């Protein structure tokens, strides 16, 4: 079972169920059906290219896009992609209509998004992180533990924060010993609580 994160993202995440539930770094927007795939942090050169910090493990996925949505200060607009190349940790992207550094500078801070149908396809047993938020969590003993309120990216494995009114949050690691089943249709996750997780 795997999770694609966005956060492709930050599409958000997906998880294969091996020793650890790995993720693809896709971040998500909780109030929209968009996946965040990167953030514009600066310009590149004088011809309108922009530096993007990718929020996906597979940065080559930018090459497959003909267009992207950019959220700039709360306004989302669709832009055709002219070119994509790479420099160090950045994706260098050029969009139609932006041909100089001055115009490119106005996009700094913009969030690059794709719609769900543009996201990297899921393989069997994989899930987008976006779909985990709000999911009901039940123990293998039938106890209602609460709902997933946050997904923490720790490096070794993801951790799900399970919240319930009047109770202390439970942090559940996304490993096969804990995550027994994920049903995105029912919005339900079955888990096994290892000793110490309630402490």
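Restricting to the range 120-163, what's the tally of residues that are surrounded by 12 or more Cβ atoms within 10 Å (Cβ to Cβ) and on the phi > 0 side of the Ramachandran plot?
2
Which ones in the range 61-108 are crowded, with 18+ Cβ neighbours inside 10 Å, at pLDDT below 95 and part of a loop (DSSP other than H, G, I, E, B)?
none
Would you mind telling me which numbered condition in (1) within 14 Å of residue 46 (Cα to Cα); (2) surrounded by fewer than 17 Cβ atoms within 10 Å (Cβ to Cβ) residue 117 fails?
Status for residue 117: all satisfied but (1).
Would you confirm whether or not the range 165-175 contains a residue that is under 20 Å from residue 56 (Cβ atoms), touching a strand residue (DSSP E or B) at 6+ places or on another chain (Cβ under 7 Å) and outside the structural domain of residue 34 (by TED's automatic domain parsing)?
Here is the first cut: in the range 165-175, the ones under 20 Å from residue 56 (Cβ atoms) are 174.
Subset that is touching a strand residue (DSSP E or B) at 6+ places or on another chain (Cβ under 7 Å): 174.
Now restrict to residues that are outside the structural domain of residue 34 (by TED's automatic domain parsing): 174.
Yes, the range 165-175 contains at least one residue that is under 20 Å from residue 56 (Cβ atoms), touching a strand residue (DSSP E or B) at 6+ places or on another chain (Cβ under 7 Å) and outside the structural domain of residue 34 (by TED's automatic domain parsing).
The values are calculated or read from the model by the stated rules, or taken from the named source; none is laboratory data. Note that this is a predicted model, so its numbers are computed, not measured. Quick reminder, even Gly has a Cβ in these numbers, built from the backbone with ideal geometry, and neighbours come from all protein chains shown.
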